[in-house]
Structure formats: C-alpha cells, structure tokens
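The values are calculated or read from the model by the stated rules, or taken from the named source; none is laboratory data. Note that this is a predicted model, so its numbers are computed, not measured. Reconstructed Cβ throughout: ideal geometry from the backbone, glycine too, with neighbour counts over all protein chains shown. The accessibility values were calculated without ligands, DNA or RNA, using every heavy atom of the protein model including side chains. Shrake-Rupley method; radii C 1.70, N 1.55, O 1.52, S 1.80 Å.
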Amino acid sequence: MTDKNRLFSIGRLSKLTGVHIQSLRYYEKLGILTPAYIDPQSGYRYYTFQQTRIVEAIQYCADLDIPLKQFADFLLEQDGQIDYARLIEAGIRMTNEKMARIQKRLSFLEYVQKEIRHAEDCRMHELVRHRFPERLCWTIPYEGNQTEPDFHRAVYRMISDIEAHGLRAGFNNGQILLCSGQETRSFLFIDIRETDVPEAAFPQLITIPGGDYLCSVSRESGIRNAPAVFPELFRQDYEKTVVEMELFSERFHYAEPVFEIRCSLPV
C-alpha cells in the first residue's frame, strides 16, 4: 500500500518547482512525467521528491528550446536516471543552429536597413553613385514595364518556377536591361537566396554584375528610358547593365510605388 505521506500532491509539486499545474499535467500527457501514485477514488496525482529533478530537467529542455516530446530520449525513469550529458549536447547543438538562424535573420535585416538608407539618399539627390554586390537572378525575357498587369502575373509564375527547381526566391525583383553595342536584351528578374547552384545550371539564371552603379529615382517605370536618364554613360562604349526596381524607402507607398533605375559604370 502506498504511503501518501511520503508523496507530494500536484499542487505541492507545482509550488516546489514553480511550474504551473497545467504544465505538469501536460508533461504527464506527453509521457515524460508519470505520477508515482494516482488515488483510485479521487484521481489525485502524487509525486516523489525525486521527481522534482525530472521537472527541473524538463525545464532545461524548455529553456534550451528542445522539444518536450524529445525529453523521453534523455530519461531512464525505470532506472531513476536522467542523461544530462546527452541533454546538454542536444541543447548545445540546437542553440548553435538557432544562433545561425538568428545571424542569417540579422544579416537580412541589416541588408534591408542599408537598402532603406540608400533609397533615402536617392530621394535627396538627382544622381547617386553606389556599389552593389553581384546578384544571382532567375530571369525571363520581358519587354513591358513594371506597372503593367503582365508584370505581376509573370513574377508570380517565376516564383513558382524557382520553387519547382528547388531554389528560393529572394527579396528583390524588377527588370534588367543588358546593353552591348547596339544590342539590348530585356528581362524580368527575381534574385535567388543562398545557393551554391552555378549560373550555368539553368538557362534562366543570370548574374547581375557587382560594382559601381549610378542611380536615379523615377515616378514612372520604364527601363528603356535609361539612355535619357544617363545620357553621359550611354555616350560611352562599354557593356552596360541597367536595373530597375521599386524604391524600398522608409515609408513604402505600395499603392503608388516609386522606381529606382541603376546603370553600371565603366570599370
């Protein structure tokens, strides 16, 4: 016969550990905290003092973001053992993974912040010189502008194509104009996130060259107006890359977008 005087009620266990009663019941439901005794008449749950150590270990899991359903992997309840070595190893691994995700998120936010600062610079000056990194993009030929309905339909199709090929669409999209001598080719583009896939892997991939660009702002979309926007550059004979995107400013007006047009400078 169980001596309940040596056991704790669930309320008492809650006070000892600082864990809410509902959480303790949830741990039981998950199978990671089995009551030492359940009164058949009242249904009350009772626990041993040693089980406070199990609750403490469960809280370690919660603090380390280890899914509670995995706690059973570290518990040998029949032998009264908690495998802290494996629990901590799992916590370290998951914490490092979380830190890597946070660092990627921070890098993205810092990138967006730089884009916003650049946009405000463009708003304040007629022409702005800025250095951009190279960017791998998914493209399709396109001769219109960004305010036409066909543009948005094409972008949605491109996103589906990117995902179908196992890639991830990035943050930027717009138009590219490649100018070589008298020949010009016009494309829609969406940049590709974090990939080791080389440009040659798909014919749709084009790398927008990194380097210095001259940037200007326009209320209207029209990448083929680039010679009028940058007349001095277009009087020079070199291969030019022209990029047009919506200007991502501090207060982005999605209903009436403003556009930024960029033209690569001669090396």
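The figures follow:
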quantity: Euclidean distance between Cα centres, segment 123-149 to segment 172-236, Å; calculated: 6 Å
quantity: Degrees separating the helix 149-164 axis from the principal Cα axis of the chain, which is the longest one; calculated: 50 degrees
quantity: In Hz, Karplus ³J(HN,Hα) per residue of segment 257-267 (6.51, -1.76, 1.60; θ = phi - 60°; x = Gly, Pro); calculated: x, 10, 10, 10, 10, 10, 10, 5, 8, x, 6
quantity: Segment 1-109 - Rg (one decimal) and Dmax (whole number), Cα, Å; calculated: 16.8, 62
quantity: Segment 173-267 - percent of accessible surface contributed by carbon and sulfur, probe 1.4 Å; calculated: 47 percent
quantity: Cβ-based charge dipole, the chain, positive-most Cα from Ile159, Leu233, Leu33; calculated: Leu33
quantity: Those chymotrypsin sites (Phe, Trp or Tyr not before Pro) in segment 96-148 that DSSP places in a loop and that have at most 16 other beta carbons within 10 Å; calculated: none
quantity: Size of electric dipole in segment 179-233: Cβ of Lys, Arg +1 and of Asp, Glu -1, about Cα centre, debye, nearest 20; calculated: 260 debye
quantity: Most mobile of Phe74, Phe49, Phe151 in a GNM of the chain (Cα contacts under 10 Å); calculated: Phe49
quantity: Non-local Lys pairs in the chain, i.e. 8 or more apart or on different chains, that have alpha carbons under 21 Å apart; calculated: 5
quantity: The chain: translational diffusion in µm²/s, Stokes-Einstein, Kirkwood Rh over Cα pairs, 25 °C, 0.890 mPa s; calculated: 104 µm²/s
quantity: Calculated log₁₀ intensity ratio I(q)/I(0) where the Debye formula runs over C-alpha points of segment 68-175, q = 0.11 Å⁻¹; calculated: -0.66
quantity: Cα gyration tensor category, rounded, prolate or oblate, for segment 110-266 with a/c compared to 1.5; calculated: rounded
quantity: Per residue, in Å², the accessible surface of the chain once ligands and nucleic acids are set aside, probe 1.4 Å; calculated: 63 Å²
quantity: For the chain, built as a Gaussian network whose Cα springs stay under 10 Å, the top-fluctuating residue of Leu68, Leu177, Leu214; calculated: Leu68
quantity: Among Glu183, Glu250, Glu239: highest mean-square fluctuation, GNM of the chain, C-alpha pairs under 10 Å; calculated: Glu183
quantity: Degrees between helix 84-124 axis and first principal axis of the chain (Cα, 0 to 90, nearest 10); calculated: 30 degrees
quantity: Surface share of carbon and sulfur [accessible, 1.4 angstrom probe, percent] for segment 94-155; calculated: 55 percent
quantity: Accessible surface of segment 1-74 [probe 1.4 Å, protein heavy atoms]: carbon and sulfur percent; calculated: 48 percent
quantity: Within the chain, helix-based [θ] at 222 nm, where runs of 4 or more DSSP H residues each add -39,500 (n - 2.57), nearest 500; calculated: -11500 deg cm²/dmol
